[in-house]
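Notes for the one structure printed next.
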Amino acid sequence: SLPGSPADTAINSVITLTEVSSVITYDPINPDPVTGSPWLTATRGTDGTLSGSLTKVDAAHAYWVETSSFAPISVTIPDQGFAALPPATAVGAGWNLVPVVSITGAAPGSTIAADTYFGSTDWVTAYTFNTQSATWTKILPKSFHNVSVGSGYWLYAAAAGILVP
């Protein structure tokens, strides 16, 4: 995920690395209007651009990015101004793919207590995947785990609600 909202959310403005072949997110609240699928995808075409049902990259979603390298994706993220609304992400009952964002400008990789970050939801469990070690980490409420800014998590919510970081 991104640690904050990018200045330009167009997918081809955010994902400029040609090594990225596809980007996927899961959004049960706003599924694809054509297919009704909660999976939104974009793949790189022969013209070099990403296209599909996923047209923007923002701080309200987490993403799976398929790439042939570990080159960093550099994105311009303006500071959270006083007049801008703080982030909030709608979650549905069941599984949601959610980002960890920071309104304080914390750097990617900074940690926040999971109970603090997910505390505005009725969360049951969360998972994150480490691409370098190919391992899943399970996070339970009241277990003193942390979540990382800029990472994405599969969050299971017992009821629909709003994730307010």
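Under a GNM of the chain (C-alpha, springs under 10 Å), which listed residue has the highest mean-square fluctuation: 111, 137, 41? Highest fluctuation of the listed residues: 137. Sites listed here are chymotrypsin sites (Phe, Trp or Tyr not before Pro) in the stretch 67-114 whose DSSP assignment is loop and whose Cβ has at most 13 other Cβ atoms within 10 Å: 70, 82.
With θ taken as phi - 60° and the Karplus curve 6.51 cos²θ - 1.76 cosθ + 1.60 applied, the whole-hertz 3J(HN,Hα) list for the stretch 54-70 is 9, 10, 9, 10, 9, 8, 9, 10, 10, 9, 9, 10, 8, 9, 9, 8, 9 Hz, x standing for glycine and proline. What residue among 71, 134, 106 has the largest mean-square fluctuation in a Gaussian network model of the chain, using Cα springs under 10 Å? Checking each option, the largest mean-square fluctuation is seen for 134. Over the chain, what is the relative contact order in percent, taking alpha-carbon pairs closer than 8 angstrom and at least six residues apart? For the chain, the relative contact order is 27 percent.
Tell me, what % of the accessible area of the chain is carbon and sulfur with a 1.4 angstrom probe?
Percent of accessible area from carbon and sulfur atoms in the chain: 58.
Accessible area of residue 51 (1.4 Å probe, protein heavy atoms only, ligands and nucleic acids ignored): about 70 Å². Accessible surface calculations at 1.4 Å, restricted to protein heavy atoms, place the chain at 55 Å² per residue.
Karplus-based coupling profile of the stretch 114-123, in residue order and whole Hz: 4, 5, 6, 5, 8, x, 7, 10, 8, 8, with θ = phi - 60° in 6.51 cos²θ - 1.76 cosθ + 1.60 and x standing for Gly or Pro. The helix-based estimate of mean residue ellipticity at 222 nm for the chain, built from -39,500 (n - 2.57) per DSSP H run of four or more residues and divided by its residue count, is -500 deg cm²/dmol to the nearest 500.
With an a/c value of 1.5 or above and a/b not larger than b/c for the gyration tensor axes a ≥ b ≥ c computed over the alpha-carbon atoms, the stretch 1-125 is described as oblate. At q = 0.14, 0.26, 0.28 Å⁻¹ the log10 of I(q)/I(0) for the stretch 94-165 amounts to -0.39, -1.32, -1.47, computed by Debye summation with a single uniform scatterer per C-alpha, solvent ignored. Taking a ≥ b ≥ c as the square roots of the eigenvalues of the Cα gyration tensor, an a/c ratio of 1.5 or more together with a/b no larger than b/c marks the stretch 55-113 as oblate.
The values are calculated or read from the model by the stated rules, or taken from the named source; none is laboratory data. Keep in mind that what you see is a predicted model, and the values were worked out from it rather than measured. Cβ: placed from backbone, ideal geometry, glycine included. Neighbour counts: every protein chain shown. The area values use the complete protein model at the heavy-atom level, side chains included, leaving out ligands, DNA and RNA. Shrake-Rupley method; radii C 1.70, N 1.55, O 1.52, S 1.80 Å.
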